[in-house]
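K.L.:
Quick one: structure below, then a few questions.
The values are calculated or read from the model by the stated rules, or taken from the named source; none is laboratory data. Note that the structure is a prediction, hence the values are computed from the model and not measured. Ideal geometry is used to build each Cβ from the backbone, glycine not excepted, and the neighbour counts take in all protein chains shown. Remember, those area values only see protein heavy atoms, side chains included, never the ligands or the DNA or RNA. Shrake-Rupley method; radii C 1.70, N 1.55, O 1.52, S 1.80 Å.
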Amino acid sequence: MAGLIRWTRSRFEELTTEEIYRILDLRQRVFVVEQRCPYLDTDGRDRFSYHLCGWNEEGLLCAYLRIVQPGKRFNEPSIGRVVTDPSARRQGLGKELMRKGMAWCGELYPGLPVRISAQQYLEGCYADLGFVTDPALAPYD
């Protein structure tokens, strides 16, 4: 992967206003505009989540995910809003982000399984990380 990434891990109340703005900006640019998935991104779960951010040397938020507490979306802890900035793709950053997110989730909730909800076209990528599709929920919950 090109460049050095500085990883930060925060509870919602630890995020600065600027960090929240950059997180919401990246999520909207990728999910709503680029992927044309119009949905309410501010779903109320951010405040019950832990936030993993990857910042490049210029201070750009280039990778992000959130870990939602058990019971706030699923019975299990869940990883969601996994996103990389378009300028940082094809460098392995997405898998590094997920590995770091899964490790942190294991620290927060040892022994609990982790659930994700992801777009179907990414099924192979998540399978490489050990996730399996729940046929009861496929193709979309």
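K.L.:
Could you please find all residues in the range 61-98 being among the acidic types (Asp, Glu) and either under 15 Å from the mean Cα position of the chain (by Cα) or under 19 Å from residue 25 (Cα atoms) (or both)?
P.N.:
Answer for the range 61-98, where residues must be among the acidic types (Asp, Glu) and either under 15 Å from the mean Cα position of the chain (by Cα) or under 19 Å from residue 25 (Cα atoms) (or both): 85, 96.
K.L.:
In the range 8-48, what residues are in contact with a helix residue (DSSP H, G or I) (Cβ under 6 Å, 6 or more places away or on another chain) and open to solvent by less than 90 Å² (accessible area, probe 1.4 Å)?
P.N.:
Selection gives 12, 37, 41, 46.
K.L.:
Related question: Looking at the range 64-96 only, could you name the residues that are under 19 Å from residue 19 (Cβ atoms), crowded, with 16+ Cβ neighbours inside 10 Å, out of contact with any Lys or Arg (no Cβ under 9 Å at 6 or more places or on another chain) and small (Gly, Ala, Ser)?
P.N.:
88
K.L.:
Those residues that are in a loop (DSSP other than H, G, I, E, B), touching a Leu at 6+ places or on another chain (Cβ under 8 Å) and under 22 Å from residue 37 (Cα atoms), I need them from the range 62-99; list them, please.
P.N.:
The one that is in a loop (DSSP other than H, G, I, E, B), touching a Leu at 6+ places or on another chain (Cβ under 8 Å) and under 22 Å from residue 37 (Cα atoms): 85.
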